[in-house]
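The structure under discussion appears below in the form of structure tokens.
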Amino acid sequence: MPLDASPLLSASVAALLTLPFAGFLVLLLTHRRIAGALAILLTSIGLAVSIVVAMNVAEQPMLIQTNWATLSGSSFGISFQVDALTALMLILVHFVALLVQLYSLSYLHDEPKLGRYFAYLQLFVGAMLGIVLAGNLLVLYAFWELVGLASYLLIGFYTDRPAAGQAAKKAFLMNRVGDIGFLIGIFLTYYYFNTLELISLTAPNSGEIPSTALGLCLFMGCVGKSAQFPLLTWLPDAMEGPTPVSALLHAATMVAAGIFLLARIHPLLSPDALVVITVVGTITTLWGGYSAVFQTDIKKVLAFSTVSQLGLMVAAMGTGNVSGAMFHLLTHAFFKAGLFLSAGAVIHAVHTQDMRHMGGLRKALPTTFIAYTVCAAALSGLPFFSGFLSKEAILGEAFHWSSAQNDGLSYLVPVLLLLSSGVTAFYMVRQWRLVFFGDYRNDVVPLSQAHEPDWLMRGPVLILAVLSVWFWFALNPLSAHSSWFFKLFPATEGQNFWWLAPVSIGLVLIGGWLGFRMREPHSQRSYVRLSVEYGFLDTMYHYVFINPIRKLATLLNHADQRVIDRAVNGAGISTVTLAYLASGLDRFVIDGFVNGLAWCISRLGRITRSVQNGLVQSYITAAVVGLLLILWWLL
Amino acid sequence: MQPVDSHLFLFVGAALFSIGLAVVVVKRHAIVVLMGIELMLNAVNINLVAFSQYDPDRLQGQMLALFVMVVAAAESAVALAIVLQVYRHFRTAQLDELNELKQ
């Protein structure tokens with residue numbers, strides 16, 4: 001049974017939600033000099049409160065509920081739910097946001113719109129906290145949309161760059177596609193269960209198996225936000241935003257929301273829906289992995305690696321491994337934020353994002369090099385780093401799942417996931433080599449001027465690098481089974497595959513070796529273009545959706561001009577003609593009638609007046625004539 | 001004395017009346033018009049006298065003719081006075097120039 005929240009907890013939740021949103025409003029008006037400090041202070045307070053919440057979290061979920069609206073018998077509540085998962089996400093979001101904001105202080109030092117930047121960051125964080133704390137799907141959806149809004153504002157932060165505006169629009173629209181599905185899913189949920197409260201929806205014995213359509217609709221939300229196939233193309237474009245924003249977006253806020261949603265609604269997913277989710281996750285992993293291989297933009301490689309890792313998490317969700325996916329989300333948050341912030345340091349030093357114009361930077365940027373190496377190793381899944389632990393947890397469970405499926409085809413999923421970790425190593429080592437090894441290839445900024453950033457930027461990077469080591473998650477560097485994480489979030493106990501770790505390490509080493517030794521192919525080769533343009537997905541969208549819609553728009557435009565405009569003009573002309581006719585009628589017939597009448601009457605008046613001319617003799621004449629006429633008539 | 005045919009009186013009376021009427025209608029000067037009126041009155045008197053022969057006892061026609069003369073004398077006096085006043089007022093006695101009756 002869920003518990004009612006204690007006063008302390010209620011106050012904490014209220015504070016957690018109030019701080020960022022109040023911060024958003026205040027920071028919009030704050031001068032740029034103190035905006036950063038204020039934002040960091042707010043997030044620090046939030047982090048402290050989150051730790052308090054985490055220490056007070058109980059075995060059972062705790063609820064804060066209030067009724068919002070009652071409509072003809074159906075009542076909709078606002079509720080917040082605090083459990084271990086919430087506490088974990090609260091700390092993660094605050095922590096990454098804090099580091100990112102510290103980093104931004106230095107990275108965006110010269111930015112004139114700094115106050116607005118930090119305000120948007122606060123909005124982003126606040127919206128994400130709302131998702132994490134939400135206790136029913138309605139509240140979750142509200143904050144879900146706020147995340148979309150904040151991401152739009154931040155991706156398009158450089159308003160003077162047209163590409164940034166395009167990317168922001170693209171991200172927003174693609175998210176809308178997913179969100180529509182999510183909204184329909186919420187409607188379906190209410191239709192089937194008559195409630196939107198997560199706590200009653202996910203109760204263990206809630207009765208019938210929910211329909212597959214419901215699960216898939218809810219999953220649509222995750223597809224949009226977490227950039228799953230086929231809605232993944234907004235994520236690389238989102239690199240137009242400032243680099244710290246990318247770090248936050250990829251690690252803790254935006255894309256994590258989709259995974260978190262899946263974790264929340266996992267009991268609502270029918271077996272068929274889970275199979276679809278697994279397949280989508282696997283496709284995304286491979287698609288993102290391959291797309292990362294030949295990218296030349298340092299941030300795009302990382303963006304596609306995020307796509308790939310998110311696919312891995314989604315696939316883990318599909319195989320029923322919620323805790324494994326959340327574990328990977330946690331470890332991934334640290335090393336991916338670390339990678340992005342390091343990439344930011346590199347960009348800061350050489351003023352370009354193109355890896356073809358980097359190289360040999362390990363001597364110029366030693367701290368960044370070390371941090372980058374550690375984070376990349378964690379991402380590739382080398383033992384002694386955090387990524388290895390979470391990947392093994394996911395892959396082991398995936399093999400366990402496919403052995404339970406009694407279907408040979410299902411072994412394809414874990415094998416492909418395993419393969420993708422080799423690909424991960426391949427493209428990360430390629431990037432590592434291109435950036436830090438070989439000859440320096442930049443003509444604009446000489447190597448002697450490329451220098452480390454200040455400690456405000458190096459600090460967060462180093463902290464994140466340190467957190468990417470195995471030690472923080474499990475004492476055993478080769479297995480996560482004894483980890484504190486799985487004590488908090490118990491996983492289903494599967495058998496251990498003794499061969500999994502060696503095979504995986506072998507694949508990673510092979511991939512890494514290939515990545516280090518490979519020679520850059522010509523950029524016009526078809527397989528390179530397939531990777532750089534991420535499987536021509538955008539081109540396909542262009543042909544399938546954009547072009548027909550454009551053509552339709554042109555057609556409608558023509559129709560508008562030819563038919564509607566003409567009709568309007570015709571109506572106008574006929575009205576004017578009619579008006580002329582009416583005016584003529586008015587002038588000649590009605591006026592003519594009136595004037596004619598007046599003329600007749602005036603003639604008549606003149607005639608009658610002429611009789612009365614005041615001359616006595618004419619009167620007498622008239623009298624005599626009249627008398628004669630009467631006589632003539634009488635006789 | 002051989003009585004004259006009464007219809008001859010009627011011819012003379014009608015002729016006199018017509019001449020008087022023509023004078024009244026056609027002439028411009030107020031005094032001439034008055035004279036026309038006198039002619040018409042006297043044409044009537046002739047008729048009255050002529051028909052009086054058919055009433056030998058009471059002679060109503062002759063009596064009425066006398067009465068008419070008296071009244072005509074009075075009427076002429078009044079009319080001449082009016083004409084005099086009109087002439088004084090308008091400095092003319094031409095009927096064409098007097099259209100005060102219009103008002």
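Read-outs throughout are calculated quantities, based only on the coordinates presented, and are distinct from any laboratory measurement. Here the structure is a predicted model, which means the values were calculated and not measured. Every residue, glycine among them, receives a Cβ derived from its backbone with ideal geometry; neighbour counts consider all protein chains shown.
Summary table
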item	result
Links that overshoot a 20 Å alpha carbon limit, given the list A:Lys391/A:Lys487; A:Lys225/A:Lys300; A:Lys170/A:Lys299; A:Lys225/A:Lys551	A:Lys225/A:Lys551
Förster radius 25 Å - calculated FRET efficiency between A:Thr352 and A:Gln166, Cβ distance, rounded to 0.05	0.75
Full-extension gain in nm, A:Glu111 to A:Tyr192, via 0.36 nm per residue minus C-alpha separation	24.1 nm
Rounded FRET efficiency, nearest 0.05, which uses the C-beta distance separating A:Val576 from A:Val624 and R0 of 56 Å	0.30
C-alpha long axis of helix A:254-265 to longest principal axis of chain A, angle in °	80
Length gained when the stretch B:Leu66-B:His29 is fully extended (0.36 nm per residue, less Cα-Cα span)	10.5 nm
Counting all C-alpha pairs of the protein assembly as shown, share separated by more than 46 Å (%)	43
Cβ-Cβ FRET estimate between A:Asp272 and A:Leu419, R0 fixed at 30 Å, reported to 0.05	0.75
Size of charge dipole - segment A:542-626 - debye, nearest 20, with Cβ of Lys, Arg +1 and Asp, Glu -1, no other charges	100
Sequence-distant aspartates and glutamates (8 or more away, or on other chains) whose Cα lies within less than 20 Å of B:Lys27	B:Glu38, B:Glu75, B:Asp96, B:Glu97, B:Glu100
5 angstrom amide H check on A:Val469, placed H, neighbours 5+ away	A:Ser386
Angle between chain A longest axis and helix A:298-318 axis [Cα atoms, degrees, rounded to 10]	80
Per-residue mean of C-beta atoms belonging to partner chains within 10 Å, peptide A:607-619	3
Placed amide H near A:Phe76: partners under 5 Å, 5+ positions off or other chain	A:Trp68, A:Ala69, A:Thr70, A:Leu71
Pairwise centroid distance, computed over Cα atoms, of segment A:354-417 with segment A:520-544, Å	24
Nearest-ten-degree value, helix A:616-634 long axis tilted from longest Cα axis of chain A	80
Interchain or long-range residues, amide H under 5 Å from A:Asn136's placed H	A:Ser79, A:Leu198
Protection-proxy order for peptides A:240-246, A:572-578, each taking the mean of Cβ atoms within 10 Å per residue, highest first	A:240-246, A:572-578
By average C-beta atoms within 10 angstrom, highest first, the peptides A:370-382, A:186-198	A:370-382, A:186-198
Part-to-part distance (alpha-carbon centres) for segment B:1-78 and segment A:265-324, which is given in Å	143
Reachable aspartates and glutamates, given that their alpha-carbon falls under 16 Å from the alpha-carbon of A:Lys169 and they are not under 8 places away in the same chain	A:Glu145, A:Asp160, A:Asp179, A:Asp237, A:Glu240, A:Asp538
Point-to-point label distance, A:Met518-A:Ser448, nm (Cα→Cβ direction, 7 Å offset)	3.6
Peptide ranges A:561-571, A:308-318, A:171-181 listed from the most packed, as the mean C-beta count within 10 angstrom indicates	A:308-318, A:171-181, A:561-571
Shielding by partners - mean other protein chain Cβ count within 10 Å, residues of B:24-33	2
